[in-house]
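Only one structure is covered here, and it is reproduced in the block below.
The values are calculated or read from the model by the stated rules, or taken from the named source; none is laboratory data. Keep in mind the model is a prediction, meaning the values are calculated, not measured. Cβ placement follows ideal geometry from the backbone for every residue including glycine, while neighbour counts extend to all protein chains displayed. Just so you know, the surface numbers come from the protein's heavy atoms only, side chains and all, with ligands and any DNA or RNA stripped out. Shrake-Rupley method; radii C 1.70, N 1.55, O 1.52, S 1.80 Å.
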Amino acid sequence: MNGIIRLCCFFAALSVTLSSIAEELPVESFSQLPSYSQPALSPTGNKIAYLRNYQSPEISVLTSVDLTTGKKQLIVKSDNEKVRTNWFEWANDNTLIVSLRFASQRGTTSTMETRLIAIDVDGETPVQRQLLKPRTSRMGSNDRISQFQDNVISFLPDDPEHILLSADLDVASLPDVYKLNIYSGARSRLVRGKMKVRDWMVDRQGKVRLGKALSYKDGEASTRVKIGDDDTWHEIFEYNAFTDPEITPLGFAKDPNILYYSKYKGDKKALYKIDLVSRESTLVFEDPDYDVNGSLVYSKKTNDAVGIRHANSKFGRIYWDKPTEDFQIALSKALPDEDVYLTDFSRDENVYLIFTENDFSPGMYFLGNRKLKSLTPILEQYPKLVPEVLTEHELVTYTSRDGTKIEGYLTLPLGTEGPVPAIIHPHGGPGARDYSGFDYWTSFFANRGYAVFRPNFRGSKGYGYEFAQSQMQGWGLTMQDDLTDAANWLVEQNIAAKDKMCIVGASYGGYAAAMAAVKTPDLFKCAVSFAGVTDLRQLVIKSRRYLNSKFVKQQIGDDFDDLRARSPAYNADKVKIPMLFIHGEDDRIVSVSQSRVMVEELQDLDKEVEYIELENGDHYLSIQRNRHATFKAMDAFLKKHLN
């Protein structure tokens, strides 16, 4: 079994009496931030770092633990009000590289920014230092202040004192590549920004070999590579980002002349590899039913690509490396009732981390050791939730009004039969999708006695090019009709009570919820929009401040009359149902003004509307008190209108 013998029996501790199965759990059981997240092993596997969220006080703490001595260090503390830990990675066994993100302003433009710090954890107390400090001279700063300073393109595993960083310190949005000493902060430029390259990529040996170019004006995109020792940049792929299916380089093999990339094979995205010398491409993997759009999986031991992440597969990954696949199979046999995902390895791959979950089991991290033949649960994300009080999701298919087959995940509350109150819960994006596995929103609603349906409506990713393209200037049209058809299907299937349906969504899902109240005012009993868009015209106008403005127009449209017709805020007079809007005041993804404008319209029309604005709130409910407040408000609102 590849070193898996001893498994601590933590499942025996999960006990819930039958009488409590259908009972409501406290709101906080679902709305708490995950107790632990993002664990990462140091190169030797002797240390682990993770993000720990505490309930009292409500803080997030980046923590490191020496697995050999048990020494624990609290590295970065944050209340998530202003500065938040974005990500972290071990540069070597003693130093962590940490990305911090925060909301900011550049003139009148709201921005989200990142900074990079290094933290030594080998002493009695952690030692912090900022990386990428602006260089100054007697004339002042010589560097522009880059908005995003955390784009590490290589951690250089054979050079523990340096990383490679891409940053636009000279010309905005035209990044250079620097070799940065994580102790002294000294840096040297390896590649100067050029050729409209927005992203650089290194090979497995740490050499800058590829640039992804994009013109913000006309959408022309290309991929340029260096081949062998030739310093010439050769163009290997080109397409127009406005009009053509994308071609996406994913990463190099250990052989620096082999590049993996994805492109569409017919209507579905597939994985290819190209020999850069011969320019011959080979199909590596395709799925006839779904796009292959995940990232590559690399072995830290062999330094080669061993597979690709693919949600619609048995293990969530497709492996072409047999030892890795065999190890995955052995792990799944050791935990037969869970979905098992390999998440991290030590460099020799003797020590490893796995993440387990399923529809009704919140996430758990295990620490494994192949030499010791052990597998031990170490970090539980939602300790107040246990499988006995949760329910599984069923993948179902319904037919839209034009005959298109639409997939979605249906979750039924425990112990119910026949028509029940139901929630249509559209995902954000809209270029995203819903999956199987634990979802804290869905589990919360189901625990309250509601059937929950999450359709992957047109515009969702993963179902082919034409399906995804439905979102282009399609907000409020066919995408919205798919949600209407989903609600009607629930009624036809005797799942939902016709007069007890609500639509609840966040981000794009919030737009869909508000639009449903306008377009189908008699279909739902109520609507909830968290951080949703309501004014497409304003969205397009404000995009002019950003480099991607033409892409926004391409996606949303630029005919102001049409945008008004597809904007809930301009059609508030059509609303007949109670609505709840919740928005973070510091949201940098969807401006809080998007909720304010429709709430004001509804109030002026004496419509039934509730509005909660979350202090310092962002787009992701990162602050614990805001997450609690949001779920409590939804709970009260839904009980009022669906029960």
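One chain, two ends: Leu174 and Asn494. Fully extended at 0.36 nm per residue, the span grows by 109.6 nm beyond their Cα-Cα distance.
Residue-wise HN-Hα couplings along the range 255-261, as the Karplus relation 6.51 cos²θ - 1.76 cosθ + 1.60 with θ = phi - 60° gives them from phi, are 5, x, 9, 10, 10, 8, 8 Hz; Gly and Pro carry x. Across the range 73-84, coupling constants 3J(HN,Hα) worked out from phi with the 6.51/-1.76/1.60 Karplus curve, θ = phi - 60°, read 10, 8, 9, 10, 10, 8, 8, 6, 6, 10, 10, 10 Hz, and Gly and Pro carry x.
Histogrammed with a bin width of 10 Å, the alpha carbon distances of the range 66-206 distribute as 11, 37, 35, 14, 3, 0 percent, first bin at zero. Lysines within cross-link reach of Lys77: Cα-Cα under 23 Å, excluding same-chain residues under 8 positions apart? Straight-distance partners of Lys77: Lys47, Lys133. Here the peptides 624-633, 153-162 are ranked by packing, the mean other Cβ count within 10 Å, and the order with the highest first is 624-633, 153-162.
Looking at the chain, the pairs of alpha carbons with a distance over 43 Å make up 24% of the total.
Accessible surface calculations at 1.4 Å, restricted to protein heavy atoms, place the range 166-324 at 46 Å² per residue. Extending 7 Å from the Cα toward the beta-carbon at both Ile227 and Asn181 defines two label points whose distance is 3.8 nm. Taking amide H as placed 1.01 Å from N in the peptide plane, the amide H of Gln471 sits under 5 Å from that of Gly459, each at least 5 places away or on another chain. Taking all protein chains into account, the per residue accessible area for the range 542-643 stands at 46 Å² (1.4 Å probe).
Trp489 contributes about 40 Å² of solvent-accessible surface, heavy atoms of the protein only, 1.4 Å probe. Accessible surface ranking for Lys314, Lys301, Lys461, 1.4 angstrom probe, highest first: Lys314, Lys301, Lys461. Across the range 401-490, Cα-Cα distances exceeding 14 Å account for 64% of all pairs.
The alpha carbon radius of gyration of the range 275-316, expressed as a multiple of 2.2 N^0.38 Å, is 1.38. Shown are Thr411, Thr282, Thr243, whose ranking by accessible area with a 1.4 Å probe and every protein chain present, most to least, is Thr243, Thr282, Thr411. Pairs of C-alpha atoms in the range 134-282 farther apart than 21 Å represent 50 percent of all such pairs. Rounded to the nearest 0.05, what FRET efficiency do Lys373 and Thr248 have when you use their Cβ-Cβ distance and R0 = 51 Å? With a Förster radius of 51 Å, E is 0.80.
Assuming charge only on the beta carbon of Lys and Arg (+1) and of Asp and Glu (-1), the dipole of the range 512-602 about its Cα centre is about 220 debye to the nearest 20. Among the protein heavy atoms of the range 194-253, carbon and sulfur supply 43% of the accessible surface, probe 1.4 Å, non-protein parts ignored.
Between Asp402 and Thr69, the FRET efficiency estimated from the beta carbon spacing at R0 = 56 angstrom works out to 0.30.
The accessible surface of the range 321-456, taken with every protein chain in place and a 1.4 Å probe, is 49 percent carbon and sulfur. The simple spin-label model puts a point 7 Å past each Cα toward its Cβ; for Tyr465 and Asp561 those points are separated by 3.3 nm. For the range 290-359, the gyration tensor built on C-alpha atoms gives an oblate shape. Its axis ratio a/c (a ≥ b ≥ c) is at least 1.5, and a/b is not larger than b/c.
Report the residues of the range 372-387 in range of a label on Gln55: point 7 Å along Cα→C-beta, backbone N strictly under 15 Å from it. So the set is 380-386. Taking N as the residue count of the range 580-643, its C-alpha radius of gyration divided by 2.2 N^0.38 Å amounts to 1.15.
A 1.4 Å probe over all protein chains sorts Thr520, Thr114 by accessible area into Thr520, Thr114, starting with the largest. Coupling constants for the range 322-334 follow from the phi torsions by the Karplus curve (6.51 cos²θ - 1.76 cosθ + 1.60, θ = phi - 60°), and in residue order they are 5, x, 5, 5, 4, 5, 4, 4, 5, 5, 5, 5, 5 Hz; glycine and proline get x. Applying the criteria of a DSSP loop state and at most 11 other Cβ atoms within 10 Å to the trypsin sites (Lys or Arg not before Pro) of the range 346-403 yields Lys371, Arg401. Of all aspartates and glutamates in the structure, those lying under 18 Å Cα to Cα from Lys371, and not within fewer than 8 positions of it along the same chain, are Asp326, Asp344, Asp348, Glu349.
Computed on the chain, with alpha-carbon pairs under 8 angstrom and 6+ residues apart, the relative contact order is 10 percent. Taking square-rooted eigenvalues a ≥ b ≥ c of the alpha carbon gyration tensor, is the range 214-277 rounded, prolate or oblate, where a/c under 1.5 means rounded and, failing that, a/b exceeding b/c means prolate? Oblate, because a/c is 1.5 or more while a/b does not exceed b/c. Among the listed pairs Lys550/Lys607; Lys179/Lys333; Lys268/Lys525; Lys194/Lys263, a Cα-Cα separation exceeding 32 Å is found for Lys550/Lys607; Lys179/Lys333; Lys268/Lys525.
The relative contact order of the range 488-610, computed from alpha carbon pairs under 8 Å that lie at least 6 residues apart in sequence, is 26 percent.
Compared with the rule-of-thumb size 2.2 N^0.38 Å for a compact globular protein, the range 57-145 has a Cα radius of gyration ratio of 1.31. Per residue, the chain reaches -5000 deg cm²/dmol at 222 nm when only DSSP H runs of four or more residues are counted, each adding -39500 (n - 2.57).
Taken about its Cα centre, the chain carries a charge dipole of about 1520 debye when Lys and Arg each add +1 at the Cβ and Asp and Glu each add -1 at the Cβ.
Dividing the Cα radius of gyration of the range 343-427 by its Kirkwood radius returns 1.16 for Rg/Rh.
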